[in-house]
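The values are calculated or read from the model by the stated rules, or taken from the named source; none is laboratory data. None of the values given here were measured: they were computed from a predicted structure. Ideal geometry is used to build each Cβ from the backbone, glycine not excepted, and the neighbour counts take in all protein chains shown. SASA here: full protein model, heavy atoms, side chains in, ligands and nucleic acids out. Shrake-Rupley method; radii C 1.70, N 1.55, O 1.52, S 1.80 Å.
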Amino acid sequence: MDVDDISITDLWDRVTGTQPDPPWWLVAFVGLVALAAVLHGPTWRLARNTVTIAHEGGHALVALLTGRKLDGIKLHSDTSGVTVSRGKPHGPGMIFTALAGYVTPPLLGLFFALLLAAGRITLMLWFSLALLGAMLIMIRNAYGVLSVVATGAIIFGVSWLGSAEVQAGFAYLAAWFLLFAATRPVVELQRMRARHMAPSSDADQLAHLTGVPGLAWVSLFGATALLALLAGGALLVPDVDLPDLPGLPSTADF
């Protein structure tokens, strides 16, 4: 489509319209690719930046929603990140801000799965762009800017230039990845806590704020990730019509 010929109405219809479901084999294939990216160490170290963006974005969004003043976000090349906000050092606002990091990636993956199940593939991609654009305003270091801009450029390129099948494959890949990837940082967090290497982790900050043990918060993070994976996976897995086998009743007979 020629950019010069696109009106606001055309663009709106393109973003909010529905797209046909991709073939089942494509959904299954990108799901396996997403799982492999989480399990393969070198790939995970690169792809984990996406989870960090969602994690810190969750902290930032909830900080704003609870009335805290957001000073900025930094993303680092070791896939760590930090979100700095100002306000009361205790109370519900601080608790929900600390809680948001680990639960945002799985909940975002579940939300993406809901959009994809409704056929809103382009909307899901452009919603991701909107989130990245809002986050970019608050990034306070060069690597963070590079990470967010590069991620946004890839999504924009796929959504604007890719065929319907390419867009669908990429969107399903992103949703599967967030759902699968949400569990691994929780496991890594508890391993570091067990070795006393993460004294100021989100779980330990929540323990200090609430008096509830850090392990309970880690368990909550893990349960959220697993439940989102089950619910999101059920939405993403396509219905496959199996062929009728000779000598067996047809599926139409049931």
Only one residue in Val212, Val187 is closer than 25 Å to Gly31 by Cα and of a type in the set (A, V, I, L, M, F, W, C). Which one? Val187
Can you name the residue in segment 12-70 that is polar (S, T, N, Q) and assigned to a loop (DSSP other than H, G, I, E, B) and is also farthest from Ile155 (Cα to Cα) among such residues? Thr66
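Based on this model, can you work out whether Leu189 counts as closer than 30 Å to Pro238 by Cβ, touching a helix residue (DSSP H, G or I) at 6+ places or on another chain (Cβ under 8 Å) and surrounded by 15 or more Cβ atoms within 10 Å (Cβ to Cβ)? Don't jump to the end; show me each part of the working.
On the way: closer than 30 Å to Pro238 by Cβ: no; touching a helix residue (DSSP H, G or I) at 6+ places or on another chain (Cβ under 8 Å): yes; surrounded by 15 or more Cβ atoms within 10 Å (Cβ to Cβ): yes.
Criteria not met by Leu189.
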Restricting to segment 212-238, name every residue that is in a loop (DSSP other than H, G, I, E, B) and without any contact (Cβ under 8 Å) to a residue 60 or more places away in the chain. Val212, Pro213
Among the numbered conditions (1) within 19 Å of the chain's Cα centre (by Cα); (2) over 25 Å from Ala130 (Cα atoms), tell me where Lys74 comes up short. (2)
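Being at pLDDT 95 or above, surrounded by 15 or more Cβ atoms within 10 Å (Cβ to Cβ) and touching a Phe, Trp or Tyr at 6+ places or on another chain (Cβ under 7 Å) is true for just one of Gly57, Gly31. Which residue is that? Before you say what the answer is, go through the steps one by one.
Values: Gly57 fails: touching a Phe, Trp or Tyr at 6+ places or on another chain (Cβ under 7 Å).
Of Gly57, Gly31, the one residue that is at pLDDT 95 or above, surrounded by 15 or more Cβ atoms within 10 Å (Cβ to Cβ) and touching a Phe, Trp or Tyr at 6+ places or on another chain (Cβ under 7 Å) is Gly31.
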Segment 160-186: number of residues that are open to solvent by 30 Å² or more (accessible area, probe 1.4 Å) and outside any helix (DSSP H, G or I): 1
Identify all residues within segment 136-154 that are open to solvent by less than 20 Å² (accessible area, probe 1.4 Å) and within 15 Å of Val51 (Cα to Cα); write none if there are none. Gly144, Ser147, Val148, Gly152
Return the residues of segment 119-134 that are open to solvent by less than 60 Å² (accessible area, probe 1.4 Å) and either touching a strand residue (DSSP E or B) at 6+ places or on another chain (Cβ under 7 Å) or part of a loop (DSSP other than H, G, I, E, B) (or both); say none if nothing qualifies. Gly119
Are any residues in segment 71-98 within 26 Å of Ala223 (Cβ to Cβ), touching a Gly at 6+ places or on another chain (Cβ under 9 Å) and either in a helix (DSSP H, G or I) or open to solvent by 70 Å² or more (accessible area, probe 1.4 Å) (or both), and if so, which ones? Gly93, Met94, Thr97
